[in-house]
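Read-outs throughout are calculated quantities, based only on the coordinates presented, and are distinct from any laboratory measurement. The structure presented is a predicted model; accordingly, all values stated were derived computationally and were not measured. Positions of Cβ are generated from backbone atoms using ideal geometry, with glycine treated the same way; all protein chains shown enter the neighbour counts.
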Amino acid sequence: MVVGCFGDVVFQVSEETVETINNVVWSGSARYSIHQRHLQDALTEFTGLDPDKLSFTMTMSAELGVDIIPEIVKLWNIERSGRAVPLVIGEKAYGKYRWNILRHSAKYTRHDRLGNPTEAEVSVELQEYIKK
């Protein structure tokens, strides 16, 4: 069963494959300008919103049917191309439009006897991409 996707990276659970996300953190922030005034309190002015940020981790395991390197390369390609892609978790599409990858990291936690990774902890940090 597909439980979500980020571009062509599919989060799924089935008899053959388990590839899901954990530790999802969605954050936003506002911008303010401070106007200094002579001998008076400074004034603050709301100037808008910064793009939202979203981060998550994925545990990938060959034992659970995930081909680790190709999945990490998918993320790498999205990041390096600057492509903005949709993020869907469950039945909800997140953000106002799409997301860019700001950074990712992959920590290989297990290897087979030939040195190929069989388990990895992948962290991804996204920034919201807003259409003009």
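Using the Cα centre of the chain as the reference point, and only Cβ charges (+1 on K/R, -1 on D/E), how large is the resulting charge dipole? Debye, rounded to the nearest 20. Mind showing how you got there, number by number?
Details: 15 positive and 18 negative charges, 139 e Å.
Charge dipole of the chain: 660 debye, to the nearest 20.
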**OP:** Identify which of the listed values of P(r) over Cα pairs in 10 Å bins from 0, in percent was calculated from the structure shown: (1) 11, 36, 26, 13, 8, 4, 1, 0; (2) 11, 32, 27, 23, 7, 0; (3) 10, 27, 29, 18, 12, 4, 0.
**Re:** (1)
**OP:** Using a Gaussian network model of the chain whose springs link C-alpha atoms within less than 10 Å, name the residue from Val73, Val18, Val122 with the highest mean-square fluctuation.
**Re:** Val73
Subject >> Cα-based helix-to-principal-axis angle, 68-81 vs the chain, degrees rounded to 10 >> reply: 30
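At a temperature of 10 °C and a viscosity of 1.306 mPa s, determine how fast segment 50-125 diffuses translationally according to Stokes-Einstein, using the Kirkwood radius over alpha-carbon pairs as Rh; express D in µm²/s, rounded to the nearest whole number.
Working: Rh = 13.6 Å.
Rounded to a whole number, D works out at 117 µm²/s.
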**OP:** Add +1 for every Lys or Arg and -1 for every Asp or Glu among the other residues with Cβ under 13 Å from the Cβ of Tyr94, and state the total.
**Re:** +1
